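The values are calculated or read from the model by the stated rules, or taken from the named source; none is laboratory data. Nothing here was measured: the structure is a model prediction, and the numbers come from that model. Neighbour counts run over all protein chains shown; Cβ positions are idealised from the backbone, glycine included.
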Amino acid sequence: MKHILLKIVAGGLLLLAPAIAEAAQGISTANVNMRAGPSTRYPAVAVIPNGTPLQIRGCLADTPWCDVEFYGGRGWVSGQYVQATYERRRIYVGPQYYRPLGIPTVTFSVGPYWDRYYRNRDFYRDRDRWRRGPDYYYRDRGPYRP
């Protein structure tokens, strides 16, 4: 009986592990644009005020852009503007800190991300052009103007 209970508890903890590692606490270090993708060339979806807590849902492996949650909205912020606490000090979020902070490495694709978070935004209607990346979009049409 004791072994069965122990297995159930252990199994439950394993199921909770992904949920626990799903987000890390961060704080914005400036008034920063939260964007619809991991580049300053994607449309801004909100401005996160300096010193505001946010949830870091994941970051790209090769560049410090992070998918964050801010007051229920989702978007991308450069790791240059996000700090987290590591070994009792605040550090900027960069690839060398992802694992110690429990930040998952993620990828970005306009289609699923925009379908989930930006269907009601004006720029959503141009998602097929944005799928090729912001550089292609800008070359074709010029900068996005809200």
Looking across the stretch 92-115 at residues that are β-branched (Val, Ile, Thr) and either more than 16 Å from Gly26 (Cβ to Cβ) or in contact with a Ser or Thr (Cβ under 8 Å, 6 or more places away or on another chain) (or both), the single one that is surrounded by the fewest Cβ atoms within 10 Å (Cβ to Cβ) is Thr107
Would you call Val68 surrounded by fewer than 16 Cβ atoms within 10 Å (Cβ to Cβ), modelled with pLDDT of 95 or more and either within 25 Å of Arg121 (Cβ to Cβ) or small (Gly, Ala, Ser) (or both)? no
Going by the conditions given, is Gly58 modelled with pLDDT of 95 or more and either part of a helix (DSSP H, G or I) or not aromatic (Phe, Trp, Tyr) (or both)? yes
On the given criteria, is Tyr118 modelled with pLDDT of 60 or more and either touching a strand residue (DSSP E or B) at 6+ places or on another chain (Cβ under 9 Å) or surrounded by 10 or more Cβ atoms within 10 Å (Cβ to Cβ) (or both)? yes
Exactly one of Thr52, Thr40, Thr85 is hydroxyl-bearing (Ser, Thr, Tyr) and modelled with pLDDT of 95 or more, and that residue is Thr52
